[in-house]
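The values are calculated or read from the model by the stated rules, or taken from the named source; none is laboratory data. Nothing here was measured: the structure is a model prediction, and the numbers come from that model. Cβ: placed from backbone, ideal geometry, glycine included. Neighbour counts: every protein chain shown.
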């Protein structure tokens with residue numbers, strides 16, 4: 001048996017490993033990726049705002065008499081960005097439903113990008129909801145303790 005490993009290596013080095021995927025409508029894909037980037041920016045902004053609101057909800061800020069205007073401003077920013085991202089995700093979902101059912105590369109790209117962003121959006125909004133629920137529960141507990149103390153002193 002003859003060793004042909006050297007010949008195989010020569011042939012494998014000759015070809016490029018890059019595979020070019022043809023995209024039918026490049027202008028549409030550019031618009032799509034711009035829209036995706038805008039959604040990603042909105043989600044990142046929400047994520048930063050959630051981190052900020054968690055800091056505002058922290059006990060140290062509560063001891064400093066939590067600035068309600070600041071919390072309201074951050075909450076409004078989150079709502080605005082969330083509505084923006086949600087509407088754009090729904091728009092993309094509608095476009096995907098209208099698209100041909102063929103399994104072209106650009107449709108698969110669009111579907112996967114939409115799924116990734118939708119999942120990230122849900123994760124960020126879940127973090128925001130958890131932060132609000134934690135704050136509400138801690139506030140209820142603090143008020144209950146204050147009532148107990150005031151009843152004991154009476």
Could you run through the range 70-129 and say how many residues are over 20 Å from the mean Cα position of the chain (by Cα) and in contact (Cβ under 8 Å) with a residue 40 or more places away in the chain? 3
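Let's see how each residue does on (1) part of a helix (DSSP H, G or I); (2) touching a helix residue (DSSP H, G or I) at 6+ places or on another chain (Cβ under 7 Å); (3) modelled with pLDDT of 90 or more; (4) farther than 30 Å from residue 133 by Cα:
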{"residue": "19", "(1), (2), (3), (4)": "no, no, no, yes"}
{"residue": "41", "(1), (2), (3), (4)": "yes, no, yes, no"}
{"residue": "53", "(1), (2), (3), (4)": "yes, yes, yes, no"}
{"residue": "84", "(1), (2), (3), (4)": "yes, yes, yes, no"}
{"residue": "101", "(1), (2), (3), (4)": "no, no, no, yes"}
